[in-house]
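Okay, so here's the structure we're looking at.
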Amino acid sequence: MTSNRFCVFCGNPPEKKNREHILPQWLLDLTGDPKRVVNFGTNYKNGRTVRFDWLNFCVPACESCNAEFSNLEGRAKSYVLRLTAREALSSIEYSDFLDWLDKVRIGVWVAYHFIQGNPTNIEPSFHIKTRICQKDRMVAIYPIAGDGVGLNAFGVESLIYHSQPSCFALRINDLLIFNMSTDYLFSARCGFPFPKSRYIALDGDNPYLMHMSDFQITRRVKHPLVRWKIAKPSIHLYQPIMNGSSDERFQSGFLGDYNSFDSYLARHTMPPYPSGKGILYFQHQDRVEPIIDINQPIEFESINGCESRPMHELVKQVYKFQIYLFEIGEFTAKNRELLISQLRRKKALIKWNKNVISYYSALGNL
């Protein structure tokens, strides 16, 4: 599965084109036969189910772009092997692992753009290079009972994901890795700058771009960091991300930071200051723990019987959070018909996810 249109990393016509495996070769080898044929959902142009082997889940890439990310892949392989062995990663390693999850999440989105035949009629406005470490992001890791071998990507076939690639999950053998990333998802509750006003204008001078204003900062941490309940994982990490800005009002070079030096942000961001990249926050059941030491090892927490959830509920959670992230987005338009069309589209995409949620709910009754 390929397209000749653009490089998955930079978005330009590929130079010295080669193929990028969206889910890397080492991951396919780790989780079974890399030539196994899998179902990639529906092509909405012809109505056919798309099936091919994992090795052909590829998109074009510039040779230089592919080489640029090879070191990240090498580190990610080490992280995944250690996680499947239930070993600790340090805070800085988890931050690097979140970079890899950004890469995979956006790469899968670009690939499904072609697989699905562009059902929502959009053109990718960003690619891997411009999306890594650009928005608040989190990861929750769930051990799965049994010692099965396999690889699944959940949520990536949904039409909400096609429109907004902010939430997905990877099952890697006996782990489920749940990942979310979007604008200012929890910055405010980590004590970071956040805009009081945030919306997407559908028309005007800058259509379909985020408009933000009235930035504030509390410098206080609140529990929980996302006010929608999430099933307890063994690893539960959040990382706020500040967006760079050339606006002279923001003296540190990041949106919302009006000071050239802020003691709270200096303590709660990765060095060297100002990096704009927050430290990690571990969310426990009763508190949020800022991990100030970037070299601190983060151990797996135990999950007792009443806290554990079956696999179908964990997968259902992906589609529920996709709806949650999709609904918190606010749209405006001077053209009323354009706004009505957007609301109809939003309703249809949410209905699609709700049907999937009903399917997984039915599995719990079997």
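Taking 7 Å steps out from each Cα toward its Cβ at Ala85 and Ile328 produces label points 3.6 nm apart.
Which length gain, in nm to one decimal place, applies between Asn121 and Met210 when the Cα-Cα distance is subtracted from 0.36 nm times their residue separation?
Residue separation times 0.36 nm, minus the Cα-Cα distance, leaves 30.1 nm.
For region 139-157 and region 48-90, what is the centre-to-centre distance using only Cα atoms, to the nearest Å? Going from one Cα centre to the other spans 15 Å.
Taking amide H positions as modeled 1.01 Å from N, with prolines and chain starts lacking one, the residues under 5 Å from Thr332 and 5 or more places away or on another chain are Ile200, Ala201, Leu202. When shorter helices are ignored and each DSSP H run of at least 4 residues is given -39500 (n - 2.57), the per-residue value for the chain at 222 nm works out to -9500 deg cm²/dmol. Less than 5 angstrom separates the built amide H of Asp53 from those of Val38, all sequence-distant by 5 or more or on a different chain. Working note: Cα atoms of region 155-268, range along each principal axis, descending, whole Å: 48, 39, 21. Indicate the gyration tensor shape class of region 281-331 (rounded, prolate or oblate), computed on the Cα atoms with a ≥ b ≥ c the square roots of the eigenvalues: a/c under 1.5 is rounded; otherwise a/b larger than b/c is prolate and the rest oblate. Judged from the Cα gyration tensor, region 281-331 comes out oblate (a/c at least 1.5, b/c at or above a/b).
Which residues in region 203-234 have a backbone N closer than 12 Å to a point placed 7 Å from the Cα of Ser308 along the Cα-to-Cβ line? Label zone hits: none.
Rule-based calculations on the coordinates, nothing more; no lab input. A quick note: this is a predicted structure, and the numbers were derived from the prediction, not measured. Neighbour counts are summed over all protein chains in view; Cβ atoms, including those assigned to glycine, are modelled from backbone coordinates with ideal geometry.
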